[in-house]
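Encoded as structure tokens, the structure appears first; notes follow it.
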Amino acid sequence: MIINSSTRIVGLLGYPISHSYSPIMQNEAFEKADVNGLYIALEVKPEFLGEVVKGLSKTGFLGFNVTVPHKVEIMKYLDEIDENAQLIGAVNTVKNIDGKLVGYNTDGRGFLSSFINKTKGGIEDKKVMILGSGGASRAVSITLAGNGASKIIICNRTIEKAKTLTEEINRIFPGIALAISQQDDEIRDVIQEVDVIINTTSVGMHPNIEVTPLNKKFFRKGLTVCDVVYNPLKTRFLIEANDAGCSTVEGLSMLVHQGAEAFEIWTGKKASLDNMYNILQEYLAKA
Ligand code: ATR
């Protein structure tokens, strides 16, 4: 890759930032799509976010990815925010159009497109149980509710947080969401009607790979089980689901799809999902 005076830059804004896999997959996407672009991680302390965004928007920066802790704060520096991101209440992708900043959220859409791609089916009329009620859960639950899921059950360790999220979802999509705790009896009451289970917590992530967010006794044939955790590639949650005859969708697939959606927003071109997936898989194997 030759970096010259025409190279357009995308910056990942976060703090801290060193753990991110996005530079690897986005630079691969630039290369494979033959776009003269460069993706770099920029460590930005919260107190400097406004100055950084304002300054870089006046350069030829193509845009940004935004990660923890800036996904909500960034919104006040943007000129426009797309509807999905507004509903989620957070932005992870910004396009710079000659100094005008437009915000998007590709987390939920990335999950949905990876789900469709892997299962060869849609989310319409599916009953979904989502484990966790943090930022990832918000993005996924609101996007799935907006794309035809018939029921969203938020299952969280802290029931108050599950209730707060379901109240917000129900304000937008009346009657669709239900909050439950992670007690066995509450899960047992709903599990038979569930079609899809999604883990959005960090439980099972390296180095704590022996733990799982859901007891395997709840798995049955016919369920689709998805994890947003991508390190390890096959979490204990997914291995046990697979052993029980469920279809599974890996977190790495969601990561790649949300990255590909962002790439298309910045460049107008499709990213090579296979190349992005392969380079990350290789990188994770070495890590
Ligand atoms: P993110 O923005 O990545 O979704 P987050 O906002 O920190 O992350 O949310 C993490 C979610 O994982 C929360 O739902 C959290 O549950 P609590 O609301 O009870 O804190 C859940 N979580 C994290 N560690 C967990 C654990 N060990 N067991 C169960 N749930 C856990």
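The values are calculated or read from the model by the stated rules, or taken from the named source; none is laboratory data. In this text, all values refer to a predicted model and were calculated from it rather than measured experimentally. Every residue, glycine among them, receives a Cβ derived from its backbone with ideal geometry; neighbour counts consider all protein chains shown.
Residues that are outside any strand (DSSP E or B) and acidic (D, E) within the range 78-109 comprise D79, D82, E83, D98, D107, listed in sequence order.
Restricting attention to the range 154-176, the residues being under 20 Å from the mean Cα position of the chain (by Cα), more than 10 Å from the ligand (Cβ to nearest atom) and small (G, A, S) number 0. Residues considered: V211, V229, V203. Of these, the only one that is more than 24 Å from S150 (Cα to Cα), of a type outside the set (S, T, Y), touching a Pro at 6+ places or on another chain (Cβ under 6 Å) and not in a helix (DSSP H, G or I) is V203. Residues in the range 116-141 that are away from the ligand (no atom under 13 Å from the Cβ) and of a type outside the set (D, E, K, R): I116, N117, T119, G121, G122, I123, V128, M129.
Annotation note: of T235, T201, T267, the sole residue that is among the hydroxyl-bearing types (S, T, Y) and within 19 Å of A33 (Cα to Cα) is T267. Scanning the range 233-264 for residues being surrounded by 19 or more Cβ atoms within 10 Å (Cβ to Cβ) and either part of a loop (DSSP other than H, G, I, E, B) or of a type in the set (V, I, T) (or both) gives a total of 6.
Restricting the first member to the range 198-213 and to residues that are of a type in the set (G, A, S), and the second to residues that are more than 7 Å from the ligand (Cβ to nearest atom) and not in a loop (DSSP other than H, G, I, E, B), the beta-carbon pairs closer than 6 Å and six or more apart or on different chains are G204/R236; G204/F237. Of the residues in the range 228-244, at least one is at pLDDT 95 or above and closer than 24 Å to A85 by Cα. Counting just the residues of the range 189-215 that are among the hydrophobic types (A, V, I, L, M, F, W, C), within 16 Å of the ligand (Cβ to nearest atom) and closer than 14 Å to V228 by Cβ, which one comes out modelled with the lowest pLDDT? Here the residue is M205.
In the range 32-40 there is no residue matching the filter, namely being under 30 Å from H206 (Cα atoms), of a type in the set (A, V, I, L, M, F, W, C) and under 19 Å from the mean Cα position of the chain (by Cα). Looking at the structure I just gave you, is K151 away from the ligand (no atom under 14 Å from the Cβ), of a type in the set (K, R), farther than 28 Å from T67 by Cα and crowded, with 17+ Cβ neighbours inside 10 Å? When the stated conditions are applied, K151 passes them.
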